[in-house]
1. Take I93 and tell me if it is buried (at least 21 other Cβ atoms within 10 Å of the Cβ) and farther than 17 Å from G289 by Cβ.
2. Might you check whether a residue that is in contact with a Ser or Thr (Cβ under 7 Å, 6 or more places away or on another chain) and closer than 24 Å to W186 by Cβ occurs anywhere in segment 246-260?
3. Quick check on my filter: what residues within segment 276-302 are small (G, A, S) and not in a loop (DSSP other than H, G, I, E, B)?
4. Applying the selection to segment 124-142, what residues are buried (at least 21 other Cβ atoms within 10 Å of the Cβ), touching a Pro at 6+ places or on another chain (Cβ under 9 Å) and not hydrophobic (A, V, I, L, M, F, W, C)?
5. Kindly indicate whether any position in segment 42-65 is modelled with pLDDT of 95 or more and surrounded by 23 or more Cβ atoms within 10 Å (Cβ to Cβ).
6. Just one of R271, R328 is in contact with a Ser or Thr (Cβ under 7 Å, 6 or more places away or on another chain) and modelled with pLDDT of 95 or more; which is it?
7. I'd like the residue in segment 106-130 that is hydroxyl-bearing (S, T, Y) and in a helix (DSSP H, G or I) and, out of all such residues, is farthest from G289 (Cα to Cα).
8. Give the residue that is surrounded by the most Cβ atoms within 10 Å (Cβ to Cβ), with candidates limited to residues of segment 14-41 that are at pLDDT 95 or above and of a type in the set (A, V, I, L, M).
Amino acid sequence: MVNSIAPIRVCDNGGWTDTWFAGHGKVFSIAVSPYVEVQMKVYERSEGRARITIHAENYGERYAIEQPHGIYDKHPLIEAALDYSSIPKHIAIEVTIFSEAPPGCSTGTSASVSVALLGALDTLTAGRMTPYQVAMAAFHVETQLLKQQCGIQDQLAAAHGGINFIDMHEYPHASVSRIDVPAAVWWELESRLVLVYVGSSHSSSEVHRMVIRSLEHSGIESPKLDMLRRCAEQATEALYAGDLEELGRSMIRNTEAQADLHQELVGPHHRQTIEIAREFGASGWKVNGAGGDGGSVAILSHPDRARRREMIRAILASDTRYRHIPARLSNDGLRVWEVPQGARRGADDRCLSSAAGHEKRWPAPLS
């Protein structure tokens, strides 16, 4: 039995510049809980046992498949990740996927699912992928197998965790620099970050296509993209200086730059949430991820904790669809561990203890 978890991300200043149509980019992001959780049980393959069993717990669905071979049906992201991995022929697996983060939250949850699942599947073969390699494998699943539009930041945040500055020097190749801050700055940031889900999901791939159409004539050096890159640098400099008020201002500038990129990226639910945050003296706000019709807003609240709680209550009272998602900073990215045999109380004792020795499939080179 193997467990793996991966964080989601918020506050992605510079998002949209980590895409193929931006060419090069800079992104600041913060990895947080709630985590995506994967648990994988590994069995000797036998007659009557399906080779792959998927339990998509959030959807209440459990079903069996064989190796997909390019055909992805009920949960394409999960099935494509399983297709990408080298599952030894003599074993059968059962994977359970769960997260407290709602689908379409604009916090990179899909990438976290891929990273956590690929991290668990990585234990089935010899050797171990680095966090960067897992992120690139997850990126390959979304862009090559599923033919979706996406950037690279979500996968890197899920794999590496922490607070990071991602410098994509040439798509899709990037360096990831951890931003280390004093404990007091970390604790204060964590205590003031508020994540609000505005109650409707969206297709980030479709939002990408909409933005691409709006930028097709301006190219990779578009002033709009350049402004987003600067917002990532400003957020990084502010946090290194321990200046949370300036961090908040960089979040506001980034949200305004998103709206300038395409007016539909900051929707009416985002604006309503932001207006309430402003009324309660919040230091900053950032529409997470691709934005659009739904998703979420990250808010850097006023330092007064009682005022923060009043703000949350006011936001939730403004629309019954809104949800406050408790989030904690995640210093760690992808974590994978095998459950000790003595701790598997109640589990099927036929689970295999190891599948090492089988050939590793490393992430394919990306062009």
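1. It is true that I93 is buried (at least 21 other Cβ atoms within 10 Å of the Cβ) and farther than 17 Å from G289 by Cβ.
2. There is at least one residue in segment 246-260 that is in contact with a Ser or Thr (Cβ under 7 Å, 6 or more places away or on another chain) and closer than 24 Å to W186 by Cβ.
3. A277, G284, G292, S296, A298
4. H140
5. So far as segment 42-65 goes, yes, one or more of its residues are modelled with pLDDT of 95 or more and surrounded by 23 or more Cβ atoms within 10 Å (Cβ to Cβ).
6. That would be R328, the only listed residue that is in contact with a Ser or Thr (Cβ under 7 Å, 6 or more places away or on another chain) and modelled with pLDDT of 95 or more.
7. T123
8. This residue is V27.
The values are calculated or read from the model by the stated rules, or taken from the named source; none is laboratory data. What you see is a predicted model; the values in this text were computed from it and never measured. Using ideal geometry, Cβ is built from the backbone for each residue, glycine included, and neighbour counts are taken over all protein chains shown.
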